[in-house]
Amino acid sequence: MSLNKNYLKSLIKKELSEDIGRGDITTKLTISKEVEVISEIIAQEEQIIAGLETIKTGFKIVDAQTKVKLLAKEGKRVKKGERIAEITGKACSILSGERTVLNFLQRMCGIATLTSKFVKETEGYRCKILDTRKTTPGLRKLEKYAVTVGGGCNHRFGLYDQILIKDTHLKIIPDIKNTLREMRSKTSLKTEVEVASKQELNEVLNEKIDVVMLDNMSVSKLKEAVSLIKKKNKKIKIEVSGNINLKKIRKIAKLGVDFISVGALTHSFKATNLSLKIKEVIR
């Protein structure tokens with residue numbers, strides 16, 4: 001997945017407008033418009049870098065004459081103290097754009113860094129780490145991009161691109177078997193059904209679905225469910241979801257599942273620590 005530059009520009013412009021508003025009062029009253037500086041963005045902790053394009057785009061939106069030199073690579077792990085980028089230009093422009101750029105960058109690096117931890121825990125097994133729709137309103141594409149930078153994969157982007165029958169649907173649907181058969185005649189979209197018990201699982205195993213999601217099951221229950229699926233319908237892919245954490249994800253991966261979806265990647269990540277420092281004032 002790549003970052004759409006027009007999408008990124010629109011997000012940054014909106015946030016710059018929110019932050020700068022009628023103007024950067026402090027900078028206007030203390031810094032001459034003619035002063036130029038060389039500044040650096042520095043990692044204050046070890047992390048995976050994601051969203052370098054926000055540095056170039058953000059500062060250029062504020063002032064097209066600003067020069068940005070990237071010193072790190074997208075998706076690479078950096079250590080505390082490493083320089084991420086060098087920004088040269090009018091001091092007032094750099095100071096006005098600093099917080100917006102860092103806000104986006106730190107969030108994306110935080111998601112990529114957390115994702116990489118989950119991916120590392122499943123090394124040696126075939127399963128893929130998936131994100132969910134539990135994203136920050138307005139930032140879904142940005143956050144899902146950061147997941148891929150961290151080594152994860154994207155689940156559906158919205159309600160429009162995949163069929164996913166969840167527990168809330170099952171409470172309303174009178175007959176899941178008939179519903180699935182009727183639905184198949186109307187769409188060719190990938191179809192997934194969420195189940196939370198052996199009974200629900202048995203109801204869908206003989207139907208034409210692509211993925212079955214085993215939701216909120218203990219590891220022992222998951223083991224039974226995986227065995228049943230592989231015995232009855234090997235064509236169905238297996239996804240596990242529900243309060244997945246780093247302590248138990250390897251135990252789940254060992255079961256031979258295809259996907260593990262982790263909502264925490266985009267709703268419980270911690271933004272990383274990055275800072276902008278003035279390296280040199282050019283008089």
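Derivation of every value follows stated rules applied to the coordinates shown; laboratory data play no part. Just so we're clear, the structure is a prediction, and the values are computed from it rather than from any experiment. Reconstructed Cβ throughout: ideal geometry from the backbone, glycine too, with neighbour counts over all protein chains shown.
For the stretch 35-93 and the stretch 179-222, compute the distance between their C-alpha centroids and round to whole Å. What the calculation gives is 46 Å, centre to centre. Using the structure shown, list the pairs from Lys134/Lys270; Lys221/Lys251; Lys141/Lys166; Lys144/Lys221; Lys28/Lys67 with a Cα-Cα distance above 18 Å, or answer none. The pairs that break the limit, which is 18 Å between Cα atoms, are Lys141/Lys166; Lys144/Lys221; Lys28/Lys67.
Oblate is the label for the stretch 122-267. Its Cα gyration tensor axes, ordered a ≥ b ≥ c, give a/c of at least 1.5 and b/c at or above a/b. Qualifying trypsin sites (Lys or Arg not before Pro) in the stretch 24-106, where qualification requires a DSSP coil assignment and no more than 15 other C-beta atoms within 10 Å, comprise Lys33, Lys73, Lys76, Lys79, Lys80.
Taking all Cα pairs closer than 8 Å and separated by 6 or more residues, the relative contact order of the chain comes to 24 percent. Top mean-square fluctuation among Met108, Met213, Met183, Gaussian network model of the chain, C-alpha springs under 10 Å? Most flexible of the set in this elastic network: Met183. In this Cβ point-charge picture (+1 for Lys and Arg, -1 for Asp and Glu), the chain has a dipole of about 700 debye about its Cα centre.
Report the net charge of residues surrounding Ile87, where surrounding means a beta-carbon distance below 12 angstrom and charges are Lys +1, Arg +1, Asp -1, Glu -1.
Surrounding charge for Ile87 is +2.
Going through (i) 66, 53, 36; (ii) 75, 37, 24; (iii) 63, 38, 32, the figure that equals Cα extents along the principal axes in Å as computed for the structure here is (ii). Taking other residues whose beta carbon is less than 9 angstrom from the beta carbon of Arg133, and scoring Lys, Arg as +1 and Asp, Glu as -1, yields +2. Antiparallel beta bridges, as assigned by DSSP with both residues in the chain, represent about 55 percent of the total such bridges.
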